[in-house]
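Student: Have a look at this one.
The values are calculated or read from the model by the stated rules, or taken from the named source; none is laboratory data. Just so it is clear, the model here is predicted, and its values are computed rather than measured. Every residue, glycine as well, gets a Cβ built from its backbone with ideal geometry; the counts of neighbours run over all protein chains shown. These accessible areas exclude ligands, DNA and RNA; they are computed on the full protein's heavy atoms, side chains included. Shrake-Rupley method; radii C 1.70, N 1.55, O 1.52, S 1.80 Å.
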Amino acid sequence: MLIPHPLLGPRDAREFTVMGDAGMIDRPDPAAPDAADRFYEYVYLRDNPAGVHRELWFHEYGDRSWLVVTRNTLTHEIVAVELASDVSAKREKSR
Amino acid sequence: MTFSAMRLLRESVTGHRGWKPLWRRPGPKPRYDIVIVGGGGHGLATAHYLSRVFGKTNIAVVEKGWLGSGNVGRNTTIIRSNYLLPGNQPFYEFSMRLWEGLEQELNFNAMVSQRGIVNLFHTDAQRDAYRRRGNAMLLSGADAVLLDKEKLRRMIPFLNYDNARFPIKGGLWQPRAGTARHDGVAWGYARAADRAGVDIIENCEVTGFRRDAGKITGVETTRGFIETSKVGVAVAGSSSRVMAMAGLRLPIESHVLQAFVSEGLKPTIPGVITFGAGHFYVSQSDKGGLVFGGDIDGYNSYAQRGNLPVVEDVAEGGMAVMPMIGRARLLRMWGGIMDMSMDGSPIIDRTPVEGLYFNGGWCYGGFKATPASGYAFAHLIATDTPHAAASAYRLDRFAGGHVIDEKGVGAQPNLH
């Protein structure tokens, strides 16, 4: 599997470590009254879709950037790759 | 039709014309007391124990594809009970005991072969950890023998004992472990359940659960609606997809695990061998092929096929532990989809939906658990109370912090 890195071009999947669902970017507010329940869902529960899945990949043996890879779990086809820093910056701006 | 030496003799002199199909091909009836979703090893075993132990017979097993078309036919056939933690080890030992009586109980040759498993250790610290594990096994009633290097060398002479990086210092041996013919297990359970009156309905995919005031009232399938008040879901690999139809999110990710078989060779490997410094395990099938595997690929997948980096990793593990494997040619490789749970241990429990029971999260250890999983799930469905050996496998254990994490790596499913 080749990962089209936004800065470095296509890179072999073995250079990466997979962290899982990109929802991990959205850490719950620890001060919220229902924080315990939200953290349980955040840490343990997953949508685990059969189809398009947004996930975090860490370029461990490369430039050590975090990527948000949008990938089809039925075909392994990669639909989009973004820098995780861009994704969270965009989210901050829209907040 | 009962299998016996007499029967075999009679068939062999009459041209084998008397063998009949092992199970019927019924269509779904409008109503059953219990519907089991998933006609794999665990689902079929559940139906068998529901009828044999708990006296329930108005049962349907609905299967999306054909019987045994999922992970029960894709695993590496190893059976063992060499776990460490109190929530796990008694359950797997219960399973081992059921394996030992399985063929007589089912009147079916599942080729259960107790040829033993050896977990190799490579450091003093690992030896101590294995000694502790062996003691946990003994406490649960299982068997365990700690072998030093010389004893191990007499038993398995061909390993790379003097590997500079991972010298082999001994192994933890469970003589009662071994292998079983995986398809035979599915067929044996299917035949026994069918003979007890269970309807096994193939090519029947569940498309939804019908509920009324939080209670299950039936399942929607591609072959029509089936009314029932109890549904047991045993579809490991696809658990998240099926349970999502009941509105549940699970502590599970689906991952692909690859397995490999070499060309047929003369008998060379006495039992099952696992590498202690990487992830590699190997046994030899009765046809002579070396059956081996290693780590999961590490990314979410429902594709039943993996990628080459893991193939290389598995091959490297094999070469490190037994260099002679490099002479064998690879015949086939394939992938199966695993329910990787958040602590590496399974779930057998009720769900927030009344009448809906869940069995899944088997990671890549589901095959050995087949008999106990079926027994415990049948117990849960029939009596609404968990079986003593499976009482730790609760769905809500993550919220309460009662995880059963053999490897101690936390909520990172691709590391279990």
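Student: Here is a list of conditions, (1) away from every other protein chain (no Cβ under 14 Å); (2) closer than 18 Å to B:Leu250 by Cβ; (3) of a type in the set (A, V, I, L, M), and B:Val403 meets all of them except one; can you say which number that is?
Tutor: Going through (1) away from every other protein chain (no Cβ under 14 Å); (2) closer than 18 Å to B:Leu250 by Cβ; (3) of a type in the set (A, V, I, L, M) one by one, B:Val403 breaks only (1).
Student: I'd like the full set of residues that are under 18 Å from B:Gly360 (Cα atoms) and among the basic types (Lys, Arg), limited to the stretch B:67-120.
Tutor: B:Arg74
Student: A:Arg14 is checked against (1) out of contact with any Gly (no Cβ under 9 Å at 6 or more places or on another chain); (2) open to solvent by less than 60 Å² (accessible area, probe 1.4 Å); (3) in contact (Cβ under 8 Å) with a residue 12 or more places away in the chain; (4) within 10 Å of chain B (Cβ to nearest Cβ) and fails just one. What number does that condition carry?
Tutor: With (1) out of contact with any Gly (no Cβ under 9 Å at 6 or more places or on another chain); (2) open to solvent by less than 60 Å² (accessible area, probe 1.4 Å); (3) in contact (Cβ under 8 Å) with a residue 12 or more places away in the chain; (4) within 10 Å of chain B (Cβ to nearest Cβ) applied to A:Arg14, the lone miss is (2).
Student: B:Ala411 is checked against (1) assigned by TED's automatic domain parsing to the domain that holds B:Pro157; (2) in a loop (DSSP other than H, G, I, E, B); (3) surrounded by fewer than 24 Cβ atoms within 10 Å (Cβ to Cβ); (4) touching an Asp or Glu at 6+ places or on another chain (Cβ under 8 Å) and fails just one. What number does that condition carry?
Tutor: Tallying (1) assigned by TED's automatic domain parsing to the domain that holds B:Pro157; (2) in a loop (DSSP other than H, G, I, E, B); (3) surrounded by fewer than 24 Cβ atoms within 10 Å (Cβ to Cβ); (4) touching an Asp or Glu at 6+ places or on another chain (Cβ under 8 Å), B:Ala411 fails exactly one: (1).
Student: Continuing with this model, one more query. Say whether the condition of being modelled with pLDDT of 95 or more and more than 14 Å from chain A (Cβ to nearest Cβ) is met by at least one residue in the stretch B:302-316.
Tutor: No, every residue in the stretch B:302-316 fails to be modelled with pLDDT of 95 or more and more than 14 Å from chain A (Cβ to nearest Cβ).
Student: Now a separate question. Taking the condition crowded, with 24+ Cβ neighbours inside 10 Å, out of contact with any His (no Cβ under 6 Å at 6 or more places or on another chain) and touching a residue at least 24 places away in the same chain (Cβ under 8 Å), does B:Val256 pass? Outline the logic, then answer.
Tutor: On the way: crowded, with 24+ Cβ neighbours inside 10 Å: yes; out of contact with any His (no Cβ under 6 Å at 6 or more places or on another chain): yes; touching a residue at least 24 places away in the same chain (Cβ under 8 Å): yes.
It is true that B:Val256 is crowded, with 24+ Cβ neighbours inside 10 Å, out of contact with any His (no Cβ under 6 Å at 6 or more places or on another chain) and touching a residue at least 24 places away in the same chain (Cβ under 8 Å).
Student: Pairs under 9 Å by beta carbon, first residue in a strand (DSSP E or B) in the stretch B:52-77, partner polar (S, T, N, Q) and open to solvent by less than 30 Å² (accessible area, probe 1.4 Å), six or more apart or different chains?
Tutor: B:Ile59/B:Thr46; B:Ile59/B:Ser51; B:Ala60/B:Thr228; B:Val61/B:Thr46; B:Val62/B:Thr221
Student: Here's another thing I want to ask about it. Out of the residues in the stretch A:37-90 meeting the condition of being of a type in the set (Gly, Ala, Ser) and outside any helix (DSSP H, G or I), tell me which one is farthest from the other protein chains (Cβ to nearest Cβ).
Tutor: Initial filter on the stretch A:37-90 (of a type in the set (Gly, Ala, Ser)): A:50-51, A:62, A:65, A:80, A:84-85, A:88-89.
Adding the requirement that they be outside any helix (DSSP H, G or I) leaves A:50-51, A:62, A:65, A:80.
On the way: A:Ala50: 4, A:Gly51: 8, A:Gly62: 14, A:Ser65: 17, A:Ala80: 16 Å.
The qualifying residue farthest from the other protein chains (Cβ to nearest Cβ) is A:Ser65.
Student: Now a separate question. Any residue at all in the stretch B:3-16 that's open to solvent by 80 Å² or more (accessible area, probe 1.4 Å), free of Cβ contacts under 8 Å to residues at least 24 places away in the same chain and not in a helix (DSSP H, G or I)?
Tutor: yes
Student: So, one more: Could you list, in sequence order, the residues of the stretch B:350-390 that are open to solvent by 10 Å² or more (accessible area, probe 1.4 Å), among the polar types (S, T, N, Q), away from every other protein chain (no Cβ under 14 Å) and touching a residue at least 12 places away in the same chain (Cβ under 8 Å)?
Tutor: Passing the criteria: only B:Thr383.
Student: Given the conditions (1) modelled with pLDDT of 95 or more; (2) closer than 27 Å to A:Thr75 by Cα; (3) in the same structural domain as B:Ala190 (by TED's automatic domain parsing); (4) not charged (D, E, K, R), which single one is not true for B:Gly365?
Tutor: Result: B:Gly365 passes all but (1).
Student: Oh, and also: Which ones in the stretch A:20-38 are hydrophobic (A, V, I, L, M, F, W, C) and either surrounded by fewer than 16 Cβ atoms within 10 Å (Cβ to Cβ) or farther than 27 Å from B:Ile347 by Cα (or both)?
Tutor: Of the stretch A:20-38, the ones hydrophobic (A, V, I, L, M, F, W, C) are A:22, A:24-25, A:31-32, A:35-36.
Within the stretch A:20-38, A:Met24, A:Ile25, A:Ala31, A:Ala32, A:Ala35, A:Ala36 meet the criteria.
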